[in-house]
């Protein structure tokens, strides 16, 4: 087994491995590789030159509340089903940690695909570090205050950083946000700016699930105005049901969402926020 960064000639094998493990549409996989893939930003375990395990690094920064640290978000962690249970994933995570330090990243972050995987990543020294609070809108859309309009990725990122300035959070790159926005738009959603009474502004990243449920992958608003922003967004979408993730600051029922392995202790508490995860 060889653990290394990816090479351009690995791409066909990586795409086949992705489809075999996740069952995603080939067009979805092609878009990821076109928008976000760089050979040096993917680690692989190769057998006879062919990838049998992989994980992508998406560079980002931990910002907010005085923090500004380079790190990477791990995405599409996968091992060939025929070779699972042999420790390849754990070995790849160990390689990813040492490789990340060589790249100057101060930590690696990720979102487990299901609750059972929290324990899997804990074995690789990842700790639960990011939380969110879930909001839900139910009812008939009614006239009210709040103007919702599409936001381009650059403007969305600027507003997002303003709203999260006092909360430790992941700040993703513009290519990441551009890719996410294009995927959300394919479902009828997108990135939105929400103008609220009193001169306040909020933002939301929205997609519609395959089952037809509207989901705000994140909804950020000034404190005390999340519900108003949620209602305005529901009116804009014309839906009576909307589920949203927002920051967990002060929430009694903070939902564990993301994990991290830092190269040094990072004081975060339960308010650290990830939000956008391409999940």
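The values are calculated or read from the model by the stated rules, or taken from the named source; none is laboratory data. Keep in mind the model is a prediction, meaning the values are calculated, not measured. Virtual Cβ from ideal backbone geometry, glycine too; neighbours counted across all protein chains shown.
When you scan region 136-145, do you find a residue that is in contact with a helix residue (DSSP H, G or I) (Cβ under 8 Å, 6 or more places away or on another chain), in the same structural domain as residue 218 (by TED's automatic domain parsing) and free of Cβ contacts under 8 Å to residues at least 24 places away in the same chain, even just one?
No: region 136-145 contains no residue that is in contact with a helix residue (DSSP H, G or I) (Cβ under 8 Å, 6 or more places away or on another chain), in the same structural domain as residue 218 (by TED's automatic domain parsing) and free of Cβ contacts under 8 Å to residues at least 24 places away in the same chain.
Are there any pairs, at least 6 apart or on different chains, whose C-beta atoms fall under 9 Å, with the first in region 243-269 and at positive phi and the second at pLDDT below 75 and buried (at least 17 other Cβ atoms within 10 Å of the Cβ), and if so, which?
So the pair list comes out as 250/271.
Just name the residue that is nearest to the chain's Cα centre (by Cα) out of those in region 16-32 that are free of Cβ contacts under 8 Å to residues at least 40 places away in the same chain and closer than 19 Å to residue 89 by Cβ.
24
Please go through region 117-127 and give me each residue that is farther than 22 Å from residue 215 by Cβ and either in contact (Cβ under 8 Å) with a residue 40 or more places away in the chain or not in a loop (DSSP other than H, G, I, E, B) (or both), ordered by number.
Hits for region 117-127 are 119, 120, 121, 122, 124, 125, 126, 127.
From the set of residues in region 134-190 that are in a helix (DSSP H, G or I) and over 16 Å from the mean Cα position of the chain (by Cα), which is surrounded by the most Cβ atoms within 10 Å (Cβ to Cβ)?
163
Report, by residue number, each residue of region 193-229 that is part of a loop (DSSP other than H, G, I, E, B) and buried (at least 17 other Cβ atoms within 10 Å of the Cβ).
Within region 193-229, 221, 225 qualify.
Being touching a strand residue (DSSP E or B) at 6+ places or on another chain (Cβ under 7 Å), within 23 Å of residue 114 (Cβ to Cβ) and crowded, with 17+ Cβ neighbours inside 10 Å is the requirement here; does residue 260 meet it?
yes
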